[in-house]
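A.B. asks: For reference, the structure I am asking about is given below.
The values are calculated or read from the model by the stated rules, or taken from the named source; none is laboratory data. Computed from a predicted model, the values in this text were never measured in an experiment. When we count neighbours, we look across all protein chains shown, and the Cβ atoms used for this are built from the backbone with ideal geometry, even at glycine. The protein model used for the area step is the full one, side chains on, heavy atoms only, and it has no ligands, DNA or RNA in it. Shrake-Rupley method; radii C 1.70, N 1.55, O 1.52, S 1.80 Å.
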Amino acid sequence: MVPANAAALLLQHYVDNFRCLPWRAGPGEPAPAAYRVWLSEVMLQQTTVTTVRPRFERFVERWPTIEALAAASDEDILGEWAGLGYYARARNLIACAREVARRGQFPRRAAELRRLPGIGAYTSAAIAAIAFGERVAAVDTNVERVVSRLHGLRNPKNVPQLALEMTPADRPGDFVQAMMDLGATICRPKNPRCTECPVRTCCAAFASGQPETFPERRQRAPRPHRHGVAYWTERSGAVWLVRRPAKGLLGGMAALPGNDWIADAPERANAIATVRHVFTHFSLNLQVVPRAEPTGEGWWQPLDRLEDAGLPTLYRKAIAAVLAQGDRLAA
Ligand code: SF4
């Protein structure tokens, strides 16, 4: 059982070491708008704080409110999202913004927030606690690790309940952020910095002398590998781009035209560039081959205005690899 003063120790540490981030309010300040908490949490789902910070600032400068975001075109939002990964999230972001704008405001309780598109157990709890002060536990992998270590759990069962038991009724938002910060900066998966940890005196994993071994790591299934071909058609300083189908990976995003990604494919002797890209559920080898005529419905994108196309990382990498070649026009 973790002592009751663990929460107080953590909160004091949070006040003293608060990470100032554009979507946060300082300890003791009025809560940030739910729009900012929601947007940051969706962006942070698979992207680091360092990457998200400037992208968040651009997003809220362009669309300062959820109503403004809801009124924007899919294309503009997907373009602004480019490079933040996992485009199903961007599509859910659009759907959620429009649903909240239709209702007139975010629901205030985690249970209701969870019914919105793209909002899972963790995100709904984070918004409810940080923006609306609901006493709920927001458990992501960082928090799961901290709670497992505090309790000395090899198998992180029951963690949401244990996290909730630690959560104080009066400052649930600060507590959620204190736990997030501890997991991100001190109670790291490898080499936890226990000597700097405010709760080491009540940590079972620390007492064991091998904190890093808690909780036991889950075996990950190997990531499958796929192959794809993309076509490079260039004329008068512009490249032919298409829009991917709305459904599926990178749905609705700008792309080089190409074929389906399959499990096995021969090496193309005429490939002018090959890039490897890792998605959440598989890795991809994309070979870019020259093609004389444009493929499918699309548009000519000037090579000196590529950043306006809203290309996802995969195609930005592929295009950069092609542009690094001198003989790319040979079809
Ligand atoms: Fe994590 Fe070490 Fe702190 Fe325990 S003492 S919570 S293992 S950083």
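A.B. asks: Please go through region 1-23 and pick out each residue that is in a loop (DSSP other than H, G, I, E, B) and open to solvent by less than 40 Å² (accessible area, probe 1.4 Å). Let's see the steps before the verdict.
C.D. replies: First, the residues of region 1-23 that are in a loop (DSSP other than H, G, I, E, B): 1-4, 18-23.
Within region 1-23, Val2, Leu21, Pro22, Trp23 qualify.
A.B. asks: Moving to a separate point now. So which of Ala269, Ala230 is over 22 Å from Thr141 (Cα atoms) and open to solvent by less than 80 Å² (accessible area, probe 1.4 Å)? Walk me through how you get there before you give the answer.
C.D. replies: Values: Ala269 fails: open to solvent by less than 80 Å² (accessible area, probe 1.4 Å).
Sole residue among the options that is over 22 Å from Thr141 (Cα atoms) and open to solvent by less than 80 Å² (accessible area, probe 1.4 Å): Ala230.
A.B. asks: Which one is farthest from Ala204 (Cα to Cα) among residues in region 144-161 that are within 13 Å of the ligand (Cβ to nearest atom) and part of a helix (DSSP H, G or I)?
C.D. replies: Step one: of region 144-161, the residues within 13 Å of the ligand (Cβ to nearest atom) are 144-153.
With the extra rule that they be part of a helix (DSSP H, G or I), the set shrinks to 144-151.
Values: Glu144: 14, Arg145: 12, Val146: 11, Val147: 10, Ser148: 9, Arg149: 6, Leu150: 5, His151: 6 Å.
So the residue we want is Glu144.
A.B. asks: Here is a further query. Somewhere in region 178-191, is a residue touching a Cys at 6+ places or on another chain (Cβ under 7 Å) and either more than 10 Å from the ligand (Cβ to nearest atom) or not hydrophobic (A, V, I, L, M, F, W, C) (or both)?
C.D. replies: no
A.B. asks: For residues that are buried (at least 19 other Cβ atoms within 10 Å of the Cβ) and either more than 20 Å from the chain's Cα centre (by Cα) or among the small types (Gly, Ala, Ser) (or both), tally how many sit in region 168-186.
C.D. replies: 8
A.B. asks: Considering every residue within region 286-299, establish whether at least one is under 29 Å from the mean Cα position of the chain (by Cα), open to solvent by 40 Å² or more (accessible area, probe 1.4 Å) and touching a residue at least 12 places away in the same chain (Cβ under 8 Å).
C.D. replies: Among the residues of region 286-299, not one is under 29 Å from the mean Cα position of the chain (by Cα), open to solvent by 40 Å² or more (accessible area, probe 1.4 Å) and touching a residue at least 12 places away in the same chain (Cβ under 8 Å), which makes the answer no.
A.B. asks: Determine whether region 261-269 contains at least one residue that is within 16 Å of the ligand (Cβ to nearest atom), farther than 24 Å from Gly79 by Cα and of a type in the set (A, V, I, L, M, F, W, C).
C.D. replies: Of region 261-269, the ones within 16 Å of the ligand (Cβ to nearest atom) are none.
No: region 261-269 contains no residue that is within 16 Å of the ligand (Cβ to nearest atom), farther than 24 Å from Gly79 by Cα and of a type in the set (A, V, I, L, M, F, W, C).
A.B. asks: Looking for something in contact with a Leu (Cβ under 7 Å, 6 or more places away or on another chain), surrounded by 17 or more Cβ atoms within 10 Å (Cβ to Cβ), of a type in the set (Ser, Thr, Tyr) and on the phi < 0 side of the Ramachandran plot - is there at least one such residue anywhere in region 24-46?
C.D. replies: Pass one, region 24-46, residues in contact with a Leu (Cβ under 7 Å, 6 or more places away or on another chain): 42-43.
Those left that are additionally surrounded by 17 or more Cβ atoms within 10 Å (Cβ to Cβ): 42-43.
Adding the requirement that they be of a type in the set (Ser, Thr, Tyr) leaves none.
So far as region 24-46 goes, no, none of its residues is in contact with a Leu (Cβ under 7 Å, 6 or more places away or on another chain), surrounded by 17 or more Cβ atoms within 10 Å (Cβ to Cβ), of a type in the set (Ser, Thr, Tyr) and on the phi < 0 side of the Ramachandran plot.
A.B. asks: Would you tally the residues in region 108-144 being more than 18 Å from the chain's Cα centre (by Cα), among the β-branched types (Val, Ile, Thr) and over 30 Å from Lys190 (Cβ atoms)?
C.D. replies: Qualifying residue count for the region: 0.
A.B. asks: If Phe206 satisfies all but one of (1) of a type in the set (Phe, Trp, Tyr); (2) in contact (Cβ under 8 Å) with a residue 60 or more places away in the chain; (3) within 16 Å of the ligand (Cβ to nearest atom), what's the number of the condition it fails?
C.D. replies: Exception for Phe206: condition (2).
A.B. asks: For region 214-225, how many residues are open to solvent by less than 90 Å² (accessible area, probe 1.4 Å) and either touching a residue at least 12 places away in the same chain (Cβ under 8 Å) or near the ligand (Cβ under 8 Å from one of its atoms) (or both)?
C.D. replies: Residues of region 214-225 open to solvent by less than 90 Å² (accessible area, probe 1.4 Å): 214-215, 221, 224-225.
Okay, now just the ones that are also either touching a residue at least 12 places away in the same chain (Cβ under 8 Å) or near the ligand (Cβ under 8 Å from one of its atoms) (or both), so 214-215, 224-225.
The number of residues fulfilling the criteria is 4.
A.B. asks: Considering only residues that are away from the ligand (no atom under 13 Å from the Cβ) and surrounded by fewer than 22 Cβ atoms within 10 Å (Cβ to Cβ), which ones fall in region 127-143?
C.D. replies: Start the filter on region 127-143 by keeping residues that are away from the ligand (no atom under 13 Å from the Cβ), which leaves 127-141.
Within region 127-143, Ala131, Phe132, Gly133, Glu134, Arg135, Asp140, Thr141 qualify.
A.B. asks: Another one. Which numbered condition trips up Pro27, out of (1) closer than 30 Å to Phe279 by Cβ; (2) of a type outside the set (A, V, I, L, M); (3) in contact (Cβ under 8 Å) with a residue 60 or more places away in the chain?
C.D. replies: For Pro27, the exception is condition (1).
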